[in-house]
Ligand SMILES: Nc1ncnc2c1ncn2[C@@H]1O[C@H](COP(=O)(O)OP(=O)(O)O)[C@@H](O)[C@H]1O
Ligand SMILES: [Mg+2]
């Protein structure tokens with residue numbers, strides 16, 4: 001199946017000459033949730049804005065549903081819903097009018113029943129006649145989502161949907177995203193929260209300084225790049241790591257009671273058995289063992305450091 | 001053509017107008033009435049007739065033009081500046097609409113508002129002076145053209161403006177003086193020859209003159225020239241807006 005969004009050699013230099021995107025290539029499959037993970041200033045918003053037509057690419061192409069976003073911009077944009085990072089809404093308008101406006105702008109016939117249905121799904125229905133300025137921050141974010149969904153897009157871009165949102169609302173937002181995916185919408189969301197990517201994405205793309213460092217299935221990513229740690233608790237404190245064990249990636253805690261062994265889960269041999277044998281040979285007595293999988297965060301920090 | 005989008009923008013903008021209907025109408029009606037009292041009664045009592053028309057009636061077309069031009073400009077400039085200011089412009093930029101559709105929606109709404117106000121002023125004028133309109137169709141056509149062309153100008157100003165001060169600047173610094181010096185309240189023929197020549201560089205002269213012709217059948221400059229002037233001005237604005245959208249000037253990075 002051909003990708004629903006395809007970004008090829010996309011570059012973007014802003015007026016000042018700053019290169020915010022450096023030859024980005026990215027394919028997004030229909031029906032998936034892709035999380036674009038990257039620190040502030042990585043180029044996430046620039047990438048989304050360029051796909052959606054808010055900024056003009058310096059070079060490269062983007063197709064959405066097979067339509068070039070430059071030469072067939074109407075067909076491409078008809079498929080796209082965009083929830084911007086900033087809460088940009090007309091304060092004096094009602095929820096209903098604002099959402100209907102978006103629908104009309106995309107050339108769709110006015111359909112109050114459809115719009116009300118969206119509002120209901122986003123728990124906004126009882127606020128439909130309220131002015132935007134009367135709503136809380138979380139509800140405004142939902143209005144933005146309702147606007148983006150008002151014209152029945154196939155691809156939805158969510159730019160940092162949970163930035164500055166409290167934990168409870170964040171979970172709410174994840175539910176909304178899960179429901180949207182279930183209804184067949186392809187979702188691209190940006191975030192700088194690793195736990196968010198970990199919680200809802202099918203695939204994760206890591207972006208930094210205008211470059212996509214990798215795009216991978218979330219579970220593959222964790223499996224392949226995930227380092228595991230074996231924590232070895234000792235019966236008696238030791239002052240230093242025995243020389244015989246210098247070949248292992250070991251670290252000793254300050255109190256001398258805990259050895260931490262880092263190993264690669266994707267390696268053929270983890271080295272655990274030999275390590276344990278040699279520990280015994282060195283005369284260290286084990287009290288307890290435990291393993292821990294590194295989080296996406298560790299992976300990410302590692303990647304960004306590596307490329308810097 | 002995305003006609004739904006044009007209509008949506010138009011209605012959205014008109015709703016803003018109707019929400020503030022009272023303010024929108026009270027101020028032009030009040031100021032027009034004041035003009036009639038000051039110019040018509042106080043000054044007019046010392047000027048009998050201009051070109052065979054009573055002074056009170058003579059200033060009616062100029063007064064309407066003054067309001068219509070400033071209203072069309074400020075409505076349109078505000079209409080497009082506001083989404084820029086609050087950030088909702090992202091939606092216009094990412095929607096399947098082209099420049100013609102966006103302009104038709106915003107400029108259409110701004111021109112409609114200005115036209116509405118112009119007609120209200122005309123009706124108000126009937127309470128103060130006796131006027132007959134020699135060429136009603138031409139009068140309406142001139143009015144509509146003026147509304148549209150100045151709304152186009154306003155649209156450009158709204159895109160250009162970086163803050164609210166700049167938004168007010170052009171109407172205040174350029175349009176008001178040009179309208180006042182464009183023969184709103186006098187006939188160009190009343191000026192010394194040098195000033196007559198200089199005045200001919202003021203584009204507003206042609207609009208007011210043509211508009212006045214549609215009322216009284218007399219004009220400072222030929223009606224053909226007036227029509228040409230307004231068509232030229234409109235084309236200039238459209239060309240500039242086309243360029244704005246093509247290059248993304250001040251809206252698309
Ligand atoms: N309009 C602009 N003009 C110049 N530089 C910009 C502009 N917008 C963003 N940038 C720069 O581009 C880089 C990427 O920004 P952005 O895409 O907003 O990152 P992110 O969304 O990942 O935080 C940043 O260094 C930012 O300063
Ligand atoms: Mg951003």
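The values are calculated or read from the model by the stated rules, or taken from the named source; none is laboratory data. Keep in mind the model is a prediction, meaning the values are calculated, not measured. In this analysis, Cβ positions are derived from the backbone assuming ideal geometry, glycine residues included, and neighbour counts consider all displayed protein chains.
Structure notes:
- Residues in segment B:16-31 that are surrounded by fewer than 16 Cβ atoms within 10 Å (Cβ to Cβ) and within 9 Å of chain A (Cβ to nearest Cβ): B:19 alone.
- Test set (1) surrounded by fewer than 17 Cβ atoms within 10 Å (Cβ to Cβ); (2) closer than 21 Å to residue B:18 by Cβ; (3) facing chain B (nearest Cβ under 10 Å) - residue A:109 fails condition number: (2)
- Filter pass, residue A:48 being at pLDDT below 95 and either within 16 Å of ligand 2 (Cβ to nearest atom) or not in a loop (DSSP other than H, G, I, E, B) (or both): no
- Hey, residue B:189 in contact (Cβ under 8 Å) with a residue 60 or more places away in the chain and surrounded by fewer than 15 Cβ atoms within 10 Å (Cβ to Cβ) or not: yes
- Qualifying residue in segment A:64-74 (condition: under 19 Å from residue A:189 (Cβ atoms) and within 16 Å of ligand 1 (Cβ to nearest atom)): no
- Within segment B:128-150, the set of residues being under 8 Å from residue B:214 (Cβ atoms) and in contact with a strand residue (DSSP E or B) (Cβ under 8 Å, 6 or more places away or on another chain) is empty.
- Count - residues of segment A:32-52 that are in contact with a helix residue (DSSP H, G or I) (Cβ under 7 Å, 6 or more places away or on another chain) and away from ligand 1 (no atom under 16 Å from the Cβ): 1
- Counting only residues that are more than 16 Å from ligand 2 (Cβ to nearest atom) and surrounded by fewer than 16 Cβ atoms within 10 Å (Cβ to Cβ), segment A:157-173 holds 4 of them.
- Close pairs from segment B:159-184: first part of a helix (DSSP H, G or I), partner surrounded by fewer than 15 Cβ atoms within 10 Å (Cβ to Cβ), Cβ under 9 Å, at least 6 apart: B:159/B:249; B:159/B:250; B:160/B:166; B:160/B:249; B:160/B:250
- Test: residue in segment A:189-203 that is touching a strand residue (DSSP E or B) at 6+ places or on another chain (Cβ under 7 Å), assigned to a helix (DSSP H, G or I) and at pLDDT 90 or above: yes
- Unmet requirement for residue A:123, which otherwise passes all of (1) at pLDDT below 95; (2) on the phi > 0 side of the Ramachandran plot; (3) within 12 Å of chain B (Cβ to nearest Cβ): (3)
- Filter pass, residue B:197 being modelled with pLDDT under 90 and surrounded by fewer than 16 Cβ atoms within 10 Å (Cβ to Cβ): yes
- Test set (1) within 8 Å of another protein chain (Cβ to nearest Cβ); (2) away from ligand 1 (no atom under 16 Å from the Cβ) - residue A:55 fails condition number: (2)
- Considering residues of segment A:21-45 that are near ligand 2 (Cβ under 9 Å from one of its atoms) and outside any loop (DSSP other than H, G, I, E, B) only, the residue nearest to residue A:86 (Cα to Cα): A:45
- If only residues of segment B:2-15 that are at the interface with chain A (Cβ under 8 Å from one of its Cβ atoms) and surrounded by 18 or more Cβ atoms within 10 Å (Cβ to Cβ) are counted, the one that is farthest from residue A:151 (Cα to Cα) is B:12.
- Residue match in segment A:75-93 (condition: within 15 Å of ligand 1 (Cβ to nearest atom), out of contact with any helix residue (DSSP H, G or I) (no Cβ under 8 Å at 6 or more places or on another chain), within 11 Å of chain B (Cβ to nearest Cβ) and in contact (Cβ under 8 Å) with a residue 40 or more places away in the chain): no
- Among the numbered conditions (1) assigned by TED's automatic domain parsing to the domain that holds residue A:203; (2) without any contact (Cβ under 8 Å) to a residue 60 or more places away in the chain, the only one that residue A:245 does not meet is (1).
- Checked against (1) within 14 Å of chain A (Cβ to nearest Cβ); (2) surrounded by 14 or more Cβ atoms within 10 Å (Cβ to Cβ), residue B:234 passes all but condition (1).
- Pair list, Cβ < 8 Å and 6+ apart or interchain, from segment A:30-55 residues that are assigned by TED's automatic domain parsing to the domain that holds residue A:20 and within 16 Å of residue A:13 (Cβ to Cβ) to residues that are within 12 Å of ligand 2 (Cβ to nearest atom) and in a helix (DSSP H, G or I): A:55/A:46; A:55/A:49
- Residue list for segment A:174-193, restricted to those being within 15 Å of ligand 1 (Cβ to nearest atom) and either buried (at least 19 other Cβ atoms within 10 Å of the Cβ) or within 14 Å of chain B (Cβ to nearest Cβ) (or both): A:188, A:189, A:190, A:191
- Unique match (being in a helix (DSSP H, G or I) and either under 21 Å from residue B:158 (Cβ atoms) or within 14 Å of chain A (Cβ to nearest Cβ) (or both)) among B:82, B:36, B:58: B:82
- Just so you know, in segment A:1-26 the residues that are closer than 18 Å to residue A:154 by Cα and in contact (Cβ under 8 Å) with a residue 60 or more places away in the chain include one that is nearest to ligand 1 (Cβ to nearest atom), and it is A:26.
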